Each structure stands twice: as structure tokens, then as C-alpha cells.
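Enquirer: There's a structure below that I have some questions on.
The values are calculated or read from the model by the stated rules, or taken from the named source; none is laboratory data. All figures in this text were calculated on a predicted structure; none of them were measured in a lab. Ideal geometry is used to build each Cβ from the backbone, glycine not excepted, and the neighbour counts take in all protein chains shown.
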Amino acid sequence: MPRIVLFLDLDYFFAQVEEVENPELRGKPLCVCVFSGRTSDSGVVSSANYVARRFGVKAGMPIKAAKKLLPEESVILPVRLEHYATVSRQIMANLKKFNTPLRVESIDEAVMDITQAVGGDYIEAEKFAKKVKEIIRANFGLTCSIGVGPNRVIAKMAADYSKPDGLTVVKPENVEEFLRDLPVKNLPGIGAKTETLLAEHQIKTIGDLSRQSLEKLEELFGPKKAQYLYLASRGIYDEVIEERPPPKQLSKIVTLKRNTREVEEVMETLAAATSEAYSRLASSKFFASKIGLIAITTRLETITRQADIRLGATLDEVLRSLRLLLTKLLETDEKMMLRRVGVRFSGLKPVSGQTSLNIFSEG
Ligand code: DCP
Ligand code: CA
Ligand code: CA
């Protein structure tokens, strides 16, 4: 039986959870933000509701920039990661009850192989998707967008196609038409760099991409990525849906504005890199149990120092640990000058895991 895949993405997840618990927020522009603590509004937007998006606010944008775009009545809240992780864990537990092969892909995304559950039938698949949406709405008050298609890539794009509260079913016979006119950046795995490179070769739509030979794609991207782009743009990149082993770490390294050993100066650059990595970690399905400082000296030595952190530690706590590691490191060698610094989250634990349960209740 040909595979049928369902991809679920919760709508404006962090912000919607806040709305559900605080219904008077509905209708107002709302941003949930990671505050980095340096000044009262330094940090970035994690999740914006669709009202805020109408003003041009996007996830990843500095809070200051978002405030400039937003009207007076807007609401800005700090992230409550443990709480969203708890909600996520409960939602995923609901999905697991369907007993289909399932992979939790991030804090707000899951993919299910529903082939057997719907007997390979797309009409049944649509009913199945509607049932999933109803369950999430009834149990959590949340909307989500679902895509159904013959493989994960198509299902994910179908979920993105109509948001929020969407349901898009792309049958195998409609895959080509669905992909043809979409911009290449809609294909999962195509970021800004790939998009630019493709544009230089007049490749703008997924249809354009699907007309390239494997040889040409290999010249541009190397064999592995070429293979993916070749198959995915034709709608035939197929994957088995199963749980994957967790990644080992998540890191970000940046170059300092100038070589220095001033703690404040280093921390300024490091805090920006850390809030970016923290926000990526926040949207993943993992919590870190260790924080690492990576220091690259002017002599090009790479030194790392590591400390334990609380699962679900706030950005503030992470930055405090890093500052301590940095201060101690610089004390070991008074001549040490730094050129680049970085942060590494490791000891990653799934937010949905049993082990996290007792930690959530610690508050
Ligand atoms: N997230 C984050 N920082 C980012 C992107 C996302 O902290 N730069 C977090 C907050 C989001 C969650 O991950 O709520 C899920 O990310 P999505 O990209 O799916 O964004 P949303 O769920 O907020 O919106 P959408 O309705 O577009 O899915
Ligand atoms: Ca998502
Ligand atoms: Ca989402």
C-alpha cells in the first residue's frame, strides 16, 4: 500500500497557549519573547499571534523592532518554556494513542504514518486528520494545521500551505500541480543561501527545480543535497516515519568585534549568540542539561568549559553560568586574549521524556 503521511504543526504555539489560558488576550497583538535581561527590552520574539503578524512581527525579530511595529494595546509576555513543554508532551501523548508510527519533530510538530490506520484511502485520511484536529481542540483549546500527502516532505508543505487552522490533503495525482508554482524556499531544507544560489541559475519555483538534472544539482550542491533536491522537487522523496535518536548538542560560535579579554565585552557578543541558540533549543523537543563555553584564543587554541544547568533553565540562568565559566577561564591565564566565542547546549533530553516529569513540578 502506498504510504500516507500526516504532518501536524500547532498554530502560533507559544502565543496560542497563552491565549487559551488568558482569553482576554484574544484579538490583541501578542508576542511571547525570550528576554536576554541586559536591558528591559533586549531579546527576541519567540512566537507572535496572527494579529501581531499583520503588523509585520515575526519570530526571531528583536523585541525592540517588534515594539516599533506594534500598537499600544499589544501584549508582550516572557516565554514559559516548561509550561509549553508540558502542553506539548500532553498533546503528543494524545497522538500516540492512535497507535500509528509517529515522530515528534519539534515542540509543536509531529509526523505520523497513517497508511495502515486509513487503509491507504485518502478520504479516510482526511477524516482521520479532522479527528486529530477535533481532539486537540477539545482537549487543549488549540488549533493546528495539518497536511496529508504521500510522504513527509509533501505533508509538511501541505501543513504550511494553509495556516492557521488549515487542513490540506495532497493526493499523489495532485502532487505535481501542488508543487509546480510554489517558490523554492517553501521546500523543507531550502534556506536563504540555497535560495540565492538557485536564483542565480534562474531556478525560482519548485517546478523549475524539478526540471534540473541530477548532474547539474550535484555540481551546485554536492551529492547528498542534490539527491534530496532532485527527489523532493519531484514530490518523491520518501522517508520511513520512526523515532530518531536525539542530537548530541546544539551550538553557535561567533567572532568578537575585536580581540579582547574584557568580560563585559565578550558577554555582549556571547549573549546575542546564546539567545539565538537558546531560541532554537526552545523550539526543538529537547532540554539541555549542560551548558558549554567555547573560547577560541588569538593563538587559535580552542578551549571549552562546561557546567550543569537545570533542565528548562531560563536564558538568564544560562547567561549567568556562561559568565562564571568565562571569568574563571580568563583567571587561569592573564595573557589569554579571545578572538571567537561560542555556546554549546549538550546533554539534550527530550521534553516529552519520562525523566522530565518530576522536573516540571519543581516549578
Ligand atoms: N520558536 C522560537 N524561536 C523561533 C521560532 C520558533 O522560540 N525563531 C518557538 C516558538 C513557537 C514554536 O517554536 O511557538 C514553534 O515554531 P513555529 O515556527 O511552528 O512557529 P509558531 O508555532 O509560533 O507559528 P506558526 O503558526 O507559523 O506555526
Ligand atoms: Ca513548527
Ligand atoms: Ca507552529
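Enquirer: Hey, could you check segment 1-12 for residues that are within 16 Å of ligand 3 (Cβ to nearest atom) and crowded, with 20+ Cβ neighbours inside 10 Å and say which is farthest from residue 133 (Cα to Cα)? Walk me through it before giving the result.
Expert: Filtering segment 1-12 for residues within 16 Å of ligand 3 (Cβ to nearest atom) gives 6-12.
So of that shortlist, the ones also crowded, with 20+ Cβ neighbours inside 10 Å come out as 6-10, 12.
On the way: 6: 12, 7: 12, 8: 9, 9: 11, 10: 10, 12: 15 Å.
Within segment 1-12, the match that is farthest from residue 133 (Cα to Cα) is 12.
Enquirer: Still on this structure, please answer the following. For segment 107-131: of the residues being within 16 Å of ligand 2 (Cβ to nearest atom) and closer than 11 Å to residue 8 by Cβ, which is surrounded by the fewest Cβ atoms within 10 Å (Cβ to Cβ)?
Expert: Filtering segment 107-131 down to residues within 16 Å of ligand 2 (Cβ to nearest atom) leaves 107-112.
Then drop every residue that is not closer than 11 Å to residue 8 by Cβ, which leaves 108-112.
Details: 108: 25, 109: 20, 110: 24, 111: 23, 112: 27.
Ranking the qualifying residues of segment 107-131, first place goes to 109.
Enquirer: Something else now. If you go through segment 26-38 one residue at a time, how many are in contact with a strand residue (DSSP E or B) (Cβ under 6 Å, 6 or more places away or on another chain) and either at pLDDT 95 or above or more than 7 Å from ligand 1 (Cβ to nearest atom) (or both)?
Expert: Restricting attention to segment 26-38, the residues satisfying the condition of being in contact with a strand residue (DSSP E or B) (Cβ under 6 Å, 6 or more places away or on another chain) are 28, 30-36.
With the extra rule that they be either at pLDDT 95 or above or more than 7 Å from ligand 1 (Cβ to nearest atom) (or both), the set shrinks to 28, 30-33, 35-36.
Residues meeting the conditions: 7.
Enquirer: Can you spot a residue in segment 267-284 that is farther than 29 Å from residue 88 by Cβ and not β-branched (Val, Ile, Thr)? Steps first, please.
Expert: Here is the first cut: in segment 267-284, the residues farther than 29 Å from residue 88 by Cβ are 267-269.
Checking which are not β-branched (Val, Ile, Thr) leaves us with 267-268.
Yes: one or more hits.
Enquirer: Tell me whether segment 17-26 contains one or more residues that are within 15 Å of ligand 2 (Cβ to nearest atom) and under 20 Å from the mean Cα position of the chain (by Cα). Steps first, answer last, please.
Expert: Going residue by residue through segment 17-26, those that are within 15 Å of ligand 2 (Cβ to nearest atom) are 17.
Restricting the remaining residues to those that are under 20 Å from the mean Cα position of the chain (by Cα) gives 17.
Yes.
Enquirer: Could you tell me whether residue 41 is surrounded by fewer than 21 Cβ atoms within 10 Å (Cβ to Cβ) and either within 11 Å of ligand 1 (Cβ to nearest atom) or charged (D, E, K, R) (or both)? Even if it seems obvious, please write down each step before you answer.
Expert: Numbers: surrounded by fewer than 21 Cβ atoms within 10 Å (Cβ to Cβ): yes; either within 11 Å of ligand 1 (Cβ to nearest atom) or charged (D, E, K, R) (or both): yes.
Spelling it out, residue 41 is indeed surrounded by fewer than 21 Cβ atoms within 10 Å (Cβ to Cβ) and either within 11 Å of ligand 1 (Cβ to nearest atom) or charged (D, E, K, R) (or both).
Enquirer: Tell me which residues, restricted to segment 162-173, are on the phi < 0 side of the Ramachandran plot, assigned to a loop (DSSP other than H, G, I, E, B) and within 16 Å of ligand 1 (Cβ to nearest atom). Steps first, answer last, please.
Expert: Restricting attention to segment 162-173, the residues satisfying the condition of being on the phi < 0 side of the Ramachandran plot are 162-164, 166-173.
Next, only the ones that are assigned to a loop (DSSP other than H, G, I, E, B) stay: 162-164, 166, 170-171.
Within segment 162-173, 162, 163, 164, 166 meet the criteria.
Enquirer: I've got another one for you. Check whether at least one residue in segment 179-200 is at pLDDT 95 or above, assigned to a loop (DSSP other than H, G, I, E, B) and among the charged types (D, E, K, R), and report yes or no.
Expert: yes
Enquirer: Taking the residues in segment 315-332 that are closer than 13 Å to residue 36 by Cα and free of Cβ contacts under 8 Å to residues at least 24 places away in the same chain as candidates, determine which candidate is surrounded by the most Cβ atoms within 10 Å (Cβ to Cβ).
Expert: Among residues in segment 315-332 that are closer than 13 Å to residue 36 by Cα and free of Cβ contacts under 8 Å to residues at least 24 places away in the same chain, the one surrounded by the most Cβ atoms within 10 Å (Cβ to Cβ) is 320.
Enquirer: A follow-up question, please. Assess whether residue 34 counts as being more than 16 Å from ligand 3 (Cβ to nearest atom) and part of a strand (DSSP E or B).
Expert: On the way: more than 16 Å from ligand 3 (Cβ to nearest atom): yes; part of a strand (DSSP E or B): yes.
When the stated conditions are applied, residue 34 passes them.
Enquirer: Of the residues that make up segment 13-22, is at least one within 16 Å of ligand 3 (Cβ to nearest atom), outside the structural domain of residue 167 (by TED's automatic domain parsing) and either free of Cβ contacts under 8 Å to residues at least 24 places away in the same chain or not in a helix (DSSP H, G or I) (or both)?
Expert: no
Enquirer: Which fully enclosed helices (runs of 4 or more DSSP H) of segment 62-161 have 3 or more residues being out of contact with any helix residue (DSSP H, G or I) (no Cβ under 6 Å at 6 or more places or on another chain), within 13 Å of ligand 1 (Cβ to nearest atom) and not basic (Lys, Arg)?
Expert: Values: elements: 63-69, 81-96, 122-140, 152-161.
Per the criteria, 81-96, 152-161.
Enquirer: What's the number of the condition residue 49 fails, among (1) within 16 Å of ligand 2 (Cβ to nearest atom); (2) modelled with pLDDT under 95?
Expert: Going through the list (1) within 16 Å of ligand 2 (Cβ to nearest atom); (2) modelled with pLDDT under 95, residue 49 breaks only (2).
Enquirer: Among the numbered conditions (1) at positive phi; (2) within 16 Å of ligand 1 (Cβ to nearest atom), tell me where residue 283 comes up short.
Expert: (1)
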